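Read the figures in this text as sums done on the coordinates, not as results from a lab. Treat the numbers as computed from the prediction; the structure is a model and nothing was measured. Because the Cβ atoms are built from the backbone with ideal geometry, glycine has one as well, and the counts that use them run over all protein chains shown.
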Amino acid sequence: MSLDVQVHTDLPIIETHQHISERDKTDRTFGWGGNHIENVLSAMASNHVVTAILQPLGGASDPVAVHRYIAENAKRYPGHIFGIASLNIKEHGEERTVLELESCVRELGFVGIKLHGFSHGFSPNSPLGRVYFETANRLGVPLMGCVGAHGMPFTNPGLYADMALEYPNLKIIFAHLDYPIAETAVSLAMRAPNIYLSSSLSIPAYLRLALEKCGAEKIMLASEDSDSITAEIAKFAAIGATDAELEQMLYKTPIEVFNLHGRVAQNPPTAEMISMKRQAGFVVS
Ligand SMILES: [Zn+2]
């Protein structure tokens, strides 16, 4: 008896949401660990992913070092790896946070900024949250924000919608699409031209709802970890999307949202196939 699930496609796929781990450390908020660059490249190679956008996890011990590590890999694997900047303003202070976000975008070529409302513990429309919106808007990169029940009240999609109205030229990406906020997220993305959706934590039914109501131009692949990529792509294969819609969601929309025109690799990286030795969560035995 055997079970083998594989992605067979000639479609170049872009993964927009990968948390790269710190070596020999688990994340302070989530207890996740083990998602290293070799695992990401391996998963990209086996799932026909040409490009992955990496970011620190919300409880990274040293997000500034993680940013430098992402930049190193973006240089080593051009067109395959890009970066999103994320650090906690409560730990690093406003001035240092803004300087680091600016440095990531201007000097390291990062393509987005993450507001991790749940792990960092503030609302998007709070004075702390506004620093991220103002900085992303000024630097001309999209802002990805956590939405979902897991981080209420900081992950209320309605608060992001208020900010989307205040910053009409800023692209805002909802990081998750799970119960019970999925309908609200879809409704807001349908109405606000600058709100986008991504698949992390969704079920195929919500992804289908998003496709029907918002169109493929608003939806992207978001897997969190390299060992989730196959399963995440399978959701897209399960919602009855046309070939053109799949190409739009898995390739064209992220190019448009993250302004990657002419910058992504044509083929997946060549990489050794390795399985992920990962950690997840804090269960005390
Ligand atoms: Zn995430």
### Message
Just to be sure I understand, how many residues within region 266-275 are in contact with a Ser or Thr (Cβ under 6 Å, 6 or more places away or on another chain) and surrounded by 16 or more Cβ atoms within 10 Å (Cβ to Cβ)?
### Response
1
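If a residue counts only when it is touching a His at 6+ places or on another chain (Cβ under 9 Å) and over 30 Å from GLU245 (Cβ atoms), which strands (runs of 3 or more DSSP E) contained entirely in region 1-90 have at least 1 such residues?
Values: elements: 13-19, 49-55, 81-85.
Counting at least 1 such residues, we get 81-85.
What helices (runs of 4 or more DSSP H) completely inside region 195-265 contain at least 3 residues that are surrounded by fewer than 18 Cβ atoms within 10 Å (Cβ to Cβ)? Even if it seems obvious, please write down each step before you answer.
Values: elements: 204-214, 229-237, 243-247, 253-257.
Correct list: 204-214, 229-237, 243-247.
Could you grab me the full set of residues in region 96-115 that are more than 17 Å from the chain's Cα centre (by Cα) and in contact (Cβ under 8 Å) with a residue 40 or more places away in the chain? Spell out how you get there, then give the answer.
So the first thing to find is which residues in region 96-115 are more than 17 Å from the chain's Cα centre (by Cα), and the list is 96-100, 102-103, 106-108.
Within region 96-115, LEU108 is the sole residue that qualifies.
Across region 48-64, which residue is nearest to the chain's Cα centre (by Cα) among those that are away from the ligand (no atom under 15 Å from the Cβ) and buried (at least 24 other Cβ atoms within 10 Å of the Cβ)? Let's see the steps before the verdict.
Applying the first criterion (away from the ligand (no atom under 15 Å from the Cβ)) to region 48-64 yields 48-51, 61-62, 64.
Next cut, buried (at least 24 other Cβ atoms within 10 Å of the Cβ) only: 49, 51.
Working: VAL49: 14, THR51: 12 Å.
Residue satisfying both the conditions and the ranking: THR51.
Would a scan of region 65-78 turn up a residue that is buried (at least 16 other Cβ atoms within 10 Å of the Cβ) and acidic (Asp, Glu)?
Here is the first cut: in region 65-78, the ones buried (at least 16 other Cβ atoms within 10 Å of the Cβ) are 66-67, 69-71, 73-74, 77.
Filter once more, so that each one left must be acidic (Asp, Glu): none.
No: zero hits.
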#### Entry: Boolean, GLU38 is in contact (Cβ under 8 Å) with a residue 40 or more places away in the chain and in contact with a helix residue (DSSP H, G or I) (Cβ under 7 Å, 6 or more places away or on another chain)
no
### Query
(1) within 18 Å of HIS48 (Cα to Cα); (2) within 16 Å of the ligand (Cβ to nearest atom); (3) without any contact (Cβ under 8 Å) to a residue 60 or more places away in the chain: which one isn't true of LYS252, the others all being true?
(2)
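Looking at ASP243, is it within 16 Å of the ligand (Cβ to nearest atom) and over 15 Å from MET144 (Cα atoms)? Outline the logic, then answer.
Details: within 16 Å of the ligand (Cβ to nearest atom): no; over 15 Å from MET144 (Cα atoms): yes.
Criteria not met by ASP243.
Find the residue count for region 116-148, including only residues that are among the aromatic types (Phe, Trp, Tyr), closer than 26 Å to GLU256 by Cβ and in contact (Cβ under 8 Å) with a residue 40 or more places away in the chain.
To start, the set of residues in region 116-148 that are among the aromatic types (Phe, Trp, Tyr) comprises 118, 122, 132-133.
Filter once more, keeping what is closer than 26 Å to GLU256 by Cβ: 132-133.
Restricting the remaining residues to those that are in contact (Cβ under 8 Å) with a residue 40 or more places away in the chain gives 132.
The total comes to 1.
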### Task
Evaluate the following for GLU232: is it out of contact with any helix residue (DSSP H, G or I) (no Cβ under 7 Å at 6 or more places or on another chain) and either on the phi > 0 side of the Ramachandran plot or within 16 Å of the ligand (Cβ to nearest atom) (or both)?
yes
